[in-house]
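The structure appears below as structure tokens.
Nothing in this text is a laboratory measurement; each read-out follows from the coordinates by a stated rule. The model shown is predicted, which means the values in this text are computed figures rather than measured ones. Backbone-built Cβ (ideal geometry, glycine too); neighbour counts: all protein chains shown.
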Amino acid sequence: FKVVSVDKLLPLTHYETDILEAIGATVEQYNCVTPEEIEKVAADADAIITVGAKITREAISKLKKCKVIGRYGVGIDNVDAEAATEAGIVVTYVPVYCQEEVATLALTLMLACERRIIPANEIVKSGEWKSALKASAGARSTKGKTFGLIGFGAIAREVVPLVQPLQVKVIAYDPYINLDFCKDLNVESVDLEYLLKNSDYVSLHVPLMASTHHMIDAEQLKMMKKDAILINTGRGALINQKALCDALNQGVIAAAGLDVLEFEPPDPEDEIFKLNNVITTGHIGAATNEALVRLRQKVAQGVADVLTG
Ligand code: NAD
């Protein structure tokens, strides 16, 4: 078999090649930007692996032998899956590899916002040791607070045991909630309005769909407590970012910790970057060494499984 990795966003490592060479495949690495370059290097490939390179209908039509396209990550946005299916090519991806990482980041953002870690760090590094207390003024104890999870899927359920040692009460809203999970994890199932009105921390863990686009808008922000902190490690467009900026400017809520933004990559001049009460991390939710190894191995295994039938 010939396996071609078409872009270098994640250059191949032994984690992929060990698995692919074990089924007798030769593996080649390229750095394609255009569909034409992909056609050139992959026309006779049995499999393609991609991170972000666009695998278009046109590129797919030029693949003579390809049986499988493997995508690093939880989605297949850059692959024309319809064209691939029509051509009899299986598209594999990695839906499960980083739940723990995203949950840990949600906790980290929440604590960093609550304890004013970034302003304190900045002031101390600027030589103003004595001003650190002022920079972190307003921080509250987590004990006795309420942590609201919007969405109670795999990542949200990883968040629960991370935050419970902070002695918070955990509540969750999910229209498809599994009450057995709630009971096991000591989480109360509530409706969205109750969650927004009663949570000190609100953390988003739902997929972006037409029905969840801007599910947090001016109206929902107004329902939240004045000192509430909003955390988003889901997808940026779950929140109307303009409405969030207004709410943060006007003291409608206290702060936001955002791994994801409505438009990525964002405009560097975006208002969100001018707000002191916002932490943004640039979509790093999945980024730990361990998750990357899991991702690499799962991509390679998915491709190997299809090639060996
Ligand atoms: P999941 O499918 O296990 O859970 C999603 C939950 O959302 C489900 O329980 C579903 O019932 C619920 N839901 C659907 N519509 C809802 C609504 N309108 N209101 C409330 N709940 C609703 O997914 P997951 O693994 O927990 O991941 C959640 C999201 O996290 C993903 O969709 C993805 O967008 C995001 N994510 C981000 C990163 C990152 O790097 N920041 C990495 C992985 C995933």
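Placing +1 on the Cβ of every Lys and Arg and -1 on the Cβ of every Asp and Glu, with nothing else charged, gives region 247-306 a dipole about its Cα centre of roughly 360 debye. Positive end of the dipole of region 153-291 (Cβ unit charges, origin at the Cα centre): among I279, A255, G236, the Cα lying farthest that way belongs to A255.
Helix 154-163 and the longest principal axis of the Cα set of the chain meet at an angle near 40°. Available extension along the chain between K64 and T13 is 15.7 nm, counting 0.36 nm per residue and deducting the alpha carbon span. The A287 and I23 beta-carbon pair, evaluated with R₀ = 35 Å, returns a calculated FRET efficiency of approximately 0.75.
Taking amide H positions as modeled 1.01 Å from N, with prolines and chain starts lacking one, the residues under 5 Å from K65 and 5 or more places away or on another chain are A45. Projected onto its three principal axes, the C-alpha set of region 1-100 covers 36, 29, 24 Å, listed from the longest axis down.
Using C-alpha pairs under 8 Å with a sequence gap of at least 6, the mean separation divided by the residue count of region 31-93 gives a relative contact order of 33 percent.
Loop exposure criterion: chymotrypsin sites (Phe, Trp or Tyr not before Pro), DSSP state outside H, G, I, E and B, at most 11 other Cβ atoms within 10 Å. Applied to the chain, the longest stretch between such sites is 1-175.
Put in line by how crowded their Cβ is, counting other Cβ atoms within 10 Å and starting with the fewest, L109, L230, L166 read L166, L109, L230.
When GluC sites (Glu not before Pro) are flagged only if DSSP places them in a loop and at most 15 other Cβ atoms lie within 10 Å, the longest unflagged stretch of the chain comes out as 129-268. Within region 189-309, the ratio Rg/Rh, alpha carbon atoms throughout and Rh by Kirkwood, equals 1.09.
Only the Cβ atoms of Lys and Arg (+1) and of Asp and Glu (-1) were treated as charged; on that basis the dipole of region 1-85 about its Cα centre amounts to roughly 140 debye.
Loop-located trypsin sites (Lys or Arg not before Pro) in region 85-163 (DSSP state other than H, G, I, E, B) with a sparse environment of at most 11 neighbouring Cβ atoms within 10 Å: K143. A Cβ-based charge dipole, computed about the Cα centre of region 56-215 with Lys and Arg at +1 and Asp and Glu at -1, lands at about 560 debye. Entry note: the chain has Rg to Rh equal to 1.04, where both radii use alpha-carbon atoms and Rh is the Kirkwood radius. Between region 144-205 and region 31-73, what is the C-alpha centre distance in whole Å? Rounded to whole Å, the Cα centres lie 41 Å apart.
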